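A short write-up of the structure that comes next.
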C-alpha cells in the first residue's frame, strides 16, 4: 500500500518565495502542496479547511503574524494538529522564540538549501523537531527576560516527573543530544529516549523544542546555566 504524501501548506507574504518553495516540494513524490496563504489570517483558515500535515510559516507578515497564526493552528481542535515549521531571515530572531513557545516544531532560514527544506518537512511530519538543541538554547538565553525569575513558583505538573526525568529535561534544555545525555547519566540511549518520551507525555509536550522552552518557562533551567 502506497503511503499518503505529506500535505504541506505554504504561508508567506511574498508570492515569489511561495512559488519557489512549491517547485522544490512538488518535485518530491512523498510531498504534496495542498495550498498557499499570503498572511497569518488566511493561514489559520486554510489550515482548518485543508488539514495539512505541515505548515511552512513565514514569521513576519502583515495583519496576523506567524506567531499568532502558529498559536491558533497548533491549538486547533483536531485529533492531530499540523506541525508548524517557521521561516525567518535571521537565525537569532526574537519572533522565533515566541513561535517556539506558541507550538512551532522548529525553524529554518529563508535561504535554506532545497535538500534541507525537504528533509525538514519530512522530519517534522514524523513528529520530530528540526532545531538543533544548542541553537534553541542560544535563542532562549538571548531572550531570557521573557521567562520567570528563579524564585517563581514551580509549576504543579513538574511534580509529576521523577528525579531522573527532571535531570533529562534539564539536559535537553541545555542542548544535550540523546547520546550526550546517555554519557552524562551513564545510561543507554534507549533509556534516554524512554525518559524523554515520558517527559513529553507527562507534560503534554509535542517535541524536544517545546520541552526546552518549558524547562525555561518553568524555571527548572536558568538562562546561561551550564
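Per-structure values
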{"item": "Top-ranked residue in the range 181-195 [being modelled with pLDDT of 95 or more and under 21 Å from the mean Cα position of the chain (by Cα); ranked as surrounded by the most Cβ atoms within 10 Å (Cβ to Cβ)]", "result": "195"}
{"item": "Test: residue in the range 157-180 that is surrounded by 14 or more Cβ atoms within 10 Å (Cβ to Cβ), over 23 Å from residue 130 (Cα atoms) and at pLDDT below 90", "result": "yes"}
{"item": "Conditions (1) farther than 30 Å from residue 18 by Cα; (2) modelled with pLDDT of 85 or more; number of the one not met by residue 144", "result": "(2)"}
{"item": "Number of the condition not met by residue 124 [criteria: (1) over 14 Å from residue 210 (Cα atoms); (2) touching a strand residue (DSSP E or B) at 6+ places or on another chain (Cβ under 9 Å); (3) at pLDDT 85 or above]", "result": "(1)"}
{"item": "Strands (runs of 3 or more DSSP E) enclosed by the range 1-103 - at least 1 residues per element that are modelled with pLDDT under 95, buried (at least 21 other Cβ atoms within 10 Å of the Cβ) and within 14 Å of the chain's Cα centre (by Cα)", "result": "54-58, 83-88"}
{"item": "Criterion (at pLDDT below 85 and out of contact with any strand residue (DSSP E or B) (no Cβ under 7 Å at 6 or more places or on another chain)) met by exactly one of 111, 151", "result": "151"}
{"item": "Which listed residue, of 213, 221, is touching a helix residue (DSSP H, G or I) at 6+ places or on another chain (Cβ under 6 Å) and more than 13 Å from residue 167 (Cα to Cα)", "result": "213"}
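The values are calculated or read from the model by the stated rules, or taken from the named source; none is laboratory data. Remember, it's a predicted structure, so these values are computed and weren't measured experimentally. All Cβ positions, glycine included, derive from the backbone under ideal geometry; neighbour counts span all protein chains shown.
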